[in-house]
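Everything below concerns the one structure shown next.
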Amino acid sequence: MEQWTRREDRRLLTGHGRYVADLVVPGCLDAAFVRSTVAHGIVREVDCAAAREVPGVIGAWSAADLSGLPTCTHAAARLQDLPPVPHTLLARLSNEEAVTGREWPALAKERVRYAGEAVAVVVGEDRYRAEDGAAEVVVRIDPLPAVVTPSRAANDSIALFDGLSNTAFTGEAGQPIDESVWQGAAAVVEARYRQQLLMPTPMECRTILAVPEEDGRLSVWSGHQMPHRLRRELAALLDLPVDRIRVVVPDTGGAFGSKSAAFPEFVTVVYLAVTLGRPVRWIEDRLESMTAATRGRGQDQRVRLAADADGHLLAYELQIDADVGAYPHLGVGLPMQTAWMATGPYTTPKVHATVRSVLTNTMVTYPYRGAGRPEATIALERSMDLLARRLGMDPAELRRRNFIPAGSFPYQTPTGRCYDSGDYSTALDLALETIGYGTWRDEQERRRENPDALPLGIGLSCYVERSGGEPGGLHEFAGVEAHEDGTITARCGAAPSGQSHETTFPALVAQALGVEEDRVRLVEGDTDAQPEGLGSFASRSAQVDGAALCHACALLIDRARERAAELWGMPVEEVEWSAGSLRPLRDGSAAIGLAELVKDTGPLRVDDRFESGMGFPFGAHAAVVEVDPELGTVRVLQLVVVDDCGVVLNPAVVRGQAFGSAVQGIGQALYEGIPYGDDGVPQLANGLLDYLLPTAAEIPPIEVKDTRTPTPSTPLGAKGAGESGCIGTPAAIVNAVADALQPADPGLLQMPLTPDVVWRAARAPKYEEAR
Amino acid sequence: MKIKLTVNGEQHSLDVEPRRILADVLREDCRLTGTHLGCEHGVCGACTVLVDGEAVRACLMLAVQCDGRSVRTVEGLSSPDGEPHPLQRAFSAEHALQCGFCTPGFLMVAAGALEADPTIADDSERIDGLVESNICRCTGYEPIRRAIMRAAAESASRGKP
């Protein structure tokens with residue numbers, strides 16, 4: 001094993017990984033979806049007759065074909081019609097009020113509300129046959145006017161649901177701020193920011209394989225972050241007890257938040273598998289993913305930030321018009337995360353954030369790595385730079401002056417968060433020192449005096465985020481079992497998609513028990529093997545599952561000591577645990593190993609539920625950029641990311657995630673975005689040639705550093721890692737470009753900072769000229 | 001259409017529809033699922049394999065175009081006795097993979113280049129070019145670049161007398 005750094009590596013590097021598309025199930029059918037090419041319209045006709053005649057096609061159905069059916073006789077379910085897409089109450093992502101009257105059909109019925117919405121499904125002997133059939137489905141949709149930005153959709157001149165407002169949710173955090181506060185402030189800055197829609201783009205698109213078993217159970221394989229949620233939601237849809245469904249997550253090719261729901265295609269595939277009594281799979285291809293997979297971000301923001309003459313923050317107001325897509329079922333409440341985190345790392349006494357979640361003719365907005373925190377950080381940190389410029393202060397000094405001091409935790413924010421721990425100035429100081437802040441400022445001055453030099457800018461971004469989950473979802477289930485052969489099985493409810501759990505968690509368990517690492521094996525991502533669990537989202541696995549495993553280890557040690565005490569007829573206090581063995585405190589000679597104890601006393605397994613508090617990781621990112629005003633290009637000369645995720649379980653793994661996350665942050669700042677035509681159709685016909693993911697050519701020198709402030713929310717002290725770059729990096733880069741160009745109107749620099757955006761900003765009036 | 005493919009040294013006599021892409025035939029007919037499809041239009045490079053030693057996107061090539069030719073996939077990287085390829089060891093050592101989905105493509109791009117010219121370790125721009133040819137969403141590429149450098153340096157030093 002020593003030639004493989006991670007346990008996952010052997011199979012993933014030799015072609016023996018098993019992703020859903022790699023699984024071989026005899027007789028498995030492939031599903032292909034027929035999708036709307038218009039963003040908004042009335043469905044006049046979906047005729048699948050010709051598709052059914054195509055050789056190799058098993059069946060083809062529109063929504064109408066799967067409505068009003070006689071009760072299905074398949075043993076697995078009391079199914080009748082194709083059920084609609086479920087909504088989630090998890091983490092307050094959606095609620096009953098928002099979805100009432102707004103059904104999300106798994107196949108669109110009389111109306112389509114986003115380009116890419118499925119209107120029919122064709123099942124064939126393989127994907128080629130299924131697509132042959134899909135090409136024969138006749139679809140006629142009369143287009144309606146479409147709206148793709150929340151600002152335009154909010155006035156309801158084009159309603160997605162007749163008789164209902166497009167505004168599906170409103171909320172706020174903090175108290176309204178009196179006008180006198182703004183009037184009395186020495187400096188007030190205002191701005192509007194657009195947090196563009198992004199595509200999470202894991203390299204493996206979505207997958208599901210549903211297999212009706214002979215015993216009447218249903219097995220489902222899916223690249224998924226929350227197998228237990230998927231099981232629960234599918235059971236409800238199919239009217240089955242949860243124990244009749246097994247969900248297994250095999251190797252998963254990335255997720256970044258986007259693989260944790262029961263999507264319309266999942267509902268359809270599982271329904272068809274049960275109805276047909278045959279295995280059916282859907283392996284999403286990239287092109288359909290680009291129209292029909294969930295998006296992230298999507299906010300139009302208005303901010304006001306006030307300070308006194310010394311730069312002490314007085315008040316911050318954030319108004320969010322959130323683009324939640326065509327249906328409120330998965331993410332209508334997600335923008336509240338931005339509102340709750342609006343305070344950031346500062347002692348601002350008055351903070352008020354309001355949210356208006358507006359339906360638009362786009363695919364649904366859902367968590368994407370960062371999930372609400374990047375939007376909070378980018379708005380605040382861009383505004384901090386505007387304020388520093390207004391006050392004539394160094395942006396680092398302005399931040400330092402307002403940080404919540406390291407000694408003031410737990411800290412209750414005006415927007416309802418209770419931060420567990422923090423040391424913000426240490427993180428900033430490390431970032432400044434690492435990047436050589438003073439040297440770059442000198443270089444910037446030199447360039448400003450040289451008309452031939454390309455302008456250079458330095459951008460900072462200090463963030464605080466939240467990890468572990470929201471109240472009601474901060475727990476996890478974990479267990480450890482000792483076997484007669486000396487091996488240990490650890491189980492937990494997590495489901496990784498590239499985060500190295502198989503390596504990291506056994507190491508943690510081995511350390512907690514004091515046994516060799518290679519004796520410990522991890523089981524996760526299978527609802528039969530681990531009956532209860534929440535999953536991997538909200539940067540929670542190390543923090544919550546890690547702590548839950550440590551907790552289970554402590555319980556196992558207690559049980560083992562009790563058993564040994566019984567064996568030896570002595571009080572448990574007199575039995576000592578040491579490195580996987582037990583011995584009486586007074587007479588070391590009678591020591592017994594854990595394996596032996598199991599042999600003598602029977603199976604030893606503990607399972608428990610563990611409750612974590614919220615964690616609030618933080619950090620400081622700094623970027624230096626050079627801008628070519630003629631070409632509109634941005635060259636990142638240096639990026640430093642300092643993150644604090646508390647206790648680090650595996651430094652190389654955390655570092656790898658921080659680096660990759662920072663690159664996704666660069667993607668948001670400079671490259672990624674979804675252009676929409678006036679008709680509301682995303683202009684992504686050329687797939688990944690149109691949606692610009694960073695390639696290796698775009699990667700600047702990035703230095704990853706950390707500070708380590710353990711969270712008191714769990715005994716382990718680990719906080720979330722991995723989302724840091726998406727949260728901290730974009731504002732650092734945008735601030736650096738603003739610092740280089742000094743445009744008077746900050747609204748000119750809206751992400752992604754494409755050459756067109758930068759070229760225009762470079763020609764606009766400068767800040768000093770405007771004054 | 002009947003074709004003969006040599007895949008990782010093994011002869012396969014196959015009857016395939018002319019429209020089937022090489023990646024699907026490798027995955028489904030030859031049961032070699034290490035070759036992954038990430039975009040199916042030649043951009044991401046996850047499906048990269050070697051055809052007669054040259055790196056190709058297996059999603060842009062029809063299987064029938066490979067009739068009589070020799071294909072190498074990630075399953076054929078290790079030596080027959082199971083000893084990992086220097087690239088496989090280097091990718092692991094440098095944490096050059098997280099979810100592993102794009103990894104076979106990067107391995108094959110690098111393997112093709114390294115085998116064609118063992119001196120690429122001396123030319124960091126050429127290695128940059130290799131890494132720039134594929135997409136990874138997890139690692140941020142730097143570990144992949146380091147891994148290829150490491151494997152190339154190792155191969156070069158082995159090749160020296």
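The values are calculated or read from the model by the stated rules, or taken from the named source; none is laboratory data. Quantities reported herein were computed from a predicted structural model and do not represent experimental measurements. No Cβ is skipped: glycine too gets one built from the backbone with ideal geometry, and neighbour counts run over all protein chains shown.
Scanning for something more than 14 Å from chain B (Cβ to nearest Cβ) and among the hydrophobic types (A, V, I, L, M, F, W, C), does the range A:673-695 turn up at least one residue?
Yes - at least one qualifying residue is present in the range A:673-695.
Out of the residues in the range A:1-38 that are out of contact with any strand residue (DSSP E or B) (no Cβ under 8 Å at 6 or more places or on another chain), aliphatic (A, V, I, L, M) and in a loop (DSSP other than H, G, I, E, B), state the one that is farthest from A:GLY133 (Cα to Cα).
Checking each candidate, the answer is A:MET1.
Among the listed residues B:ARG69, B:ARG57, which satisfies the condition of being more than 9 Å from every other protein chain (Cβ to nearest Cβ) and crowded, with 22+ Cβ neighbours inside 10 Å?
Just one listed residue meets the conditions, B:ARG57.
For the range A:486-494, does any single residue satisfy the condition of being at pLDDT 95 or above, under 26 Å from the mean Cα position of the chain (by Cα), part of a helix (DSSP H, G or I) and outside the structural domain of A:ARG229 (by TED's automatic domain parsing)?
no
Say whether the condition of being free of Cβ contacts under 8 Å to residues at least 24 places away in the same chain and over 30 Å from A:GLU532 (Cα atoms) is met by at least one residue in the range A:601-621.
No, every residue in the range A:601-621 fails to be free of Cβ contacts under 8 Å to residues at least 24 places away in the same chain and over 30 Å from A:GLU532 (Cα atoms).
Each row is one residue, and each column tells you yes or no for (1) closer than 30 Å to A:TYR366 by Cβ; (2) at pLDDT 95 or above; (3) touching a strand residue (DSSP E or B) at 6+ places or on another chain (Cβ under 9 Å).
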{"residue": "A:ARG521", "(1), (2), (3)": "no, yes, yes"}
{"residue": "A:SER536", "(1), (2), (3)": "yes, yes, no"}
{"residue": "A:SER539", "(1), (2), (3)": "yes, yes, yes"}
{"residue": "A:GLN543", "(1), (2), (3)": "yes, yes, yes"}
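Looking at (1) surrounded by fewer than 19 Cβ atoms within 10 Å (Cβ to Cβ); (2) more than 29 Å from the chain's Cα centre (by Cα); (3) in a strand (DSSP E or B), can you tell me which one A:ARG448 breaks?
Failed condition: (3).
Take A:THR338 and decide whether it is farther than 22 Å from A:GLY116 by Cβ and assigned to a loop (DSSP other than H, G, I, E, B).
Here the answer is no, as A:THR338 does not meet what is asked.
List pairs: first in the range B:113-133 and within 14 Å of chain A (Cβ to nearest Cβ) and free of Cβ contacts under 8 Å to residues at least 60 places away in the same chain, second aromatic (Phe, Trp, Tyr) and not in a helix (DSSP H, G or I), Cβ under 7 Å, 6+ apart or cross-chain?
Listed by first residue and then by second, the contacts come to B:VAL131/B:TYR141.
Is it the case that some residue within the range A:293-301 is within 14 Å of chain B (Cβ to nearest Cβ), assigned to a loop (DSSP other than H, G, I, E, B) and polar (S, T, N, Q)?
Scanning the range A:293-301, I find no residue that is within 14 Å of chain B (Cβ to nearest Cβ), assigned to a loop (DSSP other than H, G, I, E, B) and polar (S, T, N, Q), so the answer is no.
Those residues that are outside any helix (DSSP H, G or I), surrounded by fewer than 24 Cβ atoms within 10 Å (Cβ to Cβ) and in contact with a Pro (Cβ under 6 Å, 6 or more places away or on another chain), I need them from the range A:716-769; list them, please.
A:GLY717, A:ALA744, A:ALA764
Out of A:GLY498, A:GLY546, report the one residue that is within 18 Å of A:GLY473 (Cα to Cα) and either under 24 Å from the mean Cα position of the chain (by Cα) or free of Cβ contacts under 8 Å to residues at least 60 places away in the same chain (or both).
A:GLY546
List the residue pairs whose Cβ atoms are under 8 Å apart, where the first residue sits in the range A:91-106 and is modelled with pLDDT of 95 or more, the second is in a helix (DSSP H, G or I), and the two are 6 or more positions apart or on different chains.
A:TRP104/A:PRO264; A:PRO105/A:PRO264; A:ALA106/A:PRO264; A:ALA106/A:GLU265; A:ALA106/A:VAL267; A:ALA106/A:THR268; A:ALA106/A:TYR271
Counting only residues that are acidic (Asp, Glu) and either at pLDDT below 95 or over 32 Å from the mean Cα position of the chain (by Cα) (or both), which one in the range A:1-59 is nearest to B:GLU75 (Cα to Cα)?
A:GLU2
If A:GLN664 passes every condition in (1) of a type outside the set (Gly, Ala, Ser); (2) surrounded by fewer than 24 Cβ atoms within 10 Å (Cβ to Cβ); (3) closer than 30 Å to A:TYR114 by Cβ but one, which one does it miss?
Single failed check for A:GLN664: (2).
Every residue in the range A:216-253 that is among the β-branched types (Val, Ile, Thr), away from chain B (no Cβ under 14 Å) and touching a Gly at 6+ places or on another chain (Cβ under 7 Å), please.
Once the filter is applied, which keeps residues that are among the β-branched types (Val, Ile, Thr), away from chain B (no Cβ under 14 Å) and touching a Gly at 6+ places or on another chain (Cβ under 7 Å), the range A:216-253 yields only A:VAL248.
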